[in-house]
1. Among the candidates 20, 101, 67, 33, which residue alone is assigned to a helix (DSSP H, G or I), among the small types (Gly, Ala, Ser), assigned by TED's automatic domain parsing to the domain that holds residue 195 and at pLDDT 95 or above?
2. Please go through region 213-226 and give me each residue that is closer than 19 Å to residue 256 by Cβ and not aliphatic (A, V, I, L, M), ordered by number.
3. Give region 360-415 a look and list any residue that's within 30 Å of residue 184 (Cα to Cα) and of a type in the set (Asp, Glu), or say none.
4. Out of curiosity, is residue 222 in contact (Cβ under 8 Å) with a residue 24 or more places away in the chain and out of contact with any helix residue (DSSP H, G or I) (no Cβ under 7 Å at 6 or more places or on another chain)?
5. From 123, 163, 91, grab the single residue that is in the same structural domain as residue 233 (by TED's automatic domain parsing), under 22 Å from residue 399 (Cβ atoms) and at pLDDT below 95.
6. Given the structure, is residue 440 outside any loop (DSSP other than H, G, I, E, B) and crowded, with 23+ Cβ neighbours inside 10 Å?
7. Scanning region 107-126 for residues that are of a type in the set (Gly, Ala, Ser) and without any contact (Cβ under 8 Å) to a residue 40 or more places away in the chain, which turns out surrounded by the fewest Cβ atoms within 10 Å (Cβ to Cβ)?
Amino acid sequence: MCGIMAVSGFQNVIQDLYDGLILLQHRGQDAAGIMTYDKQFHLKKANGMVRDVFHSKSLSRLRGTMGIGHVRYPTAGCSSEFEAQPFFVNTPFGIALAHNGNLTNAGALSKELLEEEYRHLNTNSDSEVLLNVFSVALRNTKPKKLTPEHVFKAVRTVFRKCTGAYSAVALIGGHGIVGFRDPYGIRPLQLGKRKYGMKEEYIIASENTAFKALDFELMRDVAPGEAIYIDRNNRLHSCQCKKGVLSPCMFEWVYLAAPDSVIDGVSVYKARVRMGEALAKQIKKASLQIDSVIPVPDTGRPMAAGLADQLRIRYREGFVKNRYIGRTFIMPGQSIRKRSLQFKLHPIDLEFRGNNVLLVDDSIVRGNTSKKIVEICREAGAKKVYFASASPPIISPDPYGIDLPTKSELIAANQSIEQIRKYIGADALFYNTIEDIRSAVQVGNRKIKQFSDGCFTKKYPTPEVTPQLLRSLGDGRNCTRESFVSESSDEEGDAYKMMTLV
């Protein structure tokens, strides 16, 4: 999971890119980067949060009326600063690219690029592979003067060669901005515009949560298999380069996206409320004595609100969240995540002491965080602690950009619900059903007929994903981890060992 953004206008775009990446920071806290163009390319990227990577000096030199930006959560390669995006190649024209997703055939493409195109890749990142595939495809159109059709022809080649999930934005030196979304639309990508006098400026980004604050209005989602090209004169061109089958990632609504975003026509907030309402049906049947419903902040709030309304049980905020601690899901390293949780959530003892509480969280993946949260509740004096997950049990890896590389890391893949309940120490445990969370999203857009929800079902939208491929991707990911750990100090290695959801 990463956040990407491109802006094309009639004035310097650096302030829009910087502010927009801050608004997309929830999608990645490991690294950030921006590249702009004004007769030459200007790049700044490094490990860290947006506010730490960019300072007044770097912002002042990132000049240009077009540019792209990226915030990274590393799901392939490693968290080395050399893998911060955007990536850049100097031919044809000079192209920079930022990518959200995961290529499932990156290894084969990397081999092909080296053996047939003599292109050496400097990193293990599949985003660098994607950039070079697009670069070669654009060069092979032999453009003397670049036209939208040259761009769309190159994107068609990308769609033919690349498998997996990829929403991407690219900056072609002296020519324009490109955005495209894979033919299954697994990762989100949205297009917006704003007035500049009598003209219009454009933005392409992972989520429209970034649009309103920057005065852009949402035009629409980029369709699966569609490419957008904004030329140097800020004229918008689009092409359905390959017939698409919309299969968006369910985890965007469960956890990843900001609650104020609307993705593929569905409000993230309302979908989460409906997930809570569906979960209430199960809990009602259990006939438990519950004094209050308490969310695990932040994602659990709308789910808990919907659940509490249906059960007619009081909703209470039981945890104070330290806003300066990042999302534990995307912190680079299991040991760092465990330590950060001690500082991240502080219980309000009055809401727990002597009460039977129902905790509502978006999901349970490894179980470690859930276990610790239950312990915190008991230490605060709760009589009974019930736990509800708004998502179904996660039983399989996700090869499309969520770092769930091996089955052995998923508690529900190896244990029953009762065993999980005992492990996390809850008095009762509830999971939503796959049918209910699908329905919670589809109420917002009946045109969505299928999802990328293989982590819940073991069924994946792209045909190349097989058990063998999942094992191979997991083995490759673990090798990357081990390699990074062996080359790092003990502290750095420990912080990288288990980069996955907790």
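The values are calculated or read from the model by the stated rules, or taken from the named source; none is laboratory data. As the structure is a prediction and not an experimental result, all values here were calculated from the model. Methodologically, a virtual Cβ is constructed for each residue, glycine included, from the backbone with ideal geometry; neighbour enumeration extends over all protein chains shown.
1. That would be 20, the only listed residue that is assigned to a helix (DSSP H, G or I), among the small types (Gly, Ala, Ser), assigned by TED's automatic domain parsing to the domain that holds residue 195 and at pLDDT 95 or above.
2. Answer for region 213-226, where residues must be closer than 19 Å to residue 256 by Cβ and not aliphatic (A, V, I, L, M): 221, 224.
3. Passing the criteria: 361, 362, 398, 403, 409.
4. Answer is yes for this residue.
5. Values: 163 fails: at pLDDT below 95; 91 fails: under 22 Å from residue 399 (Cβ atoms).
The unique qualifying residue is 123.
6. Numbers: outside any loop (DSSP other than H, G, I, E, B): yes; crowded, with 23+ Cβ neighbours inside 10 Å: yes.
The answer is yes for residue 440.
7. The extreme case among them is 108.
Yes/no matrix, rows are residues, columns are (1) of a type in the set (Asp, Glu); (2) in contact with a Gly (Cβ under 6 Å, 6 or more places away or on another chain):
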site: 48; (1), (2): no, no
site: 62; (1), (2): no, no
site: 66; (1), (2): no, no
site: 83; (1), (2): yes, yes
site: 102; (1), (2): no, yes
site: 124; (1), (2): no, yes
site: 132; (1), (2): no, no
site: 140; (1), (2): no, no
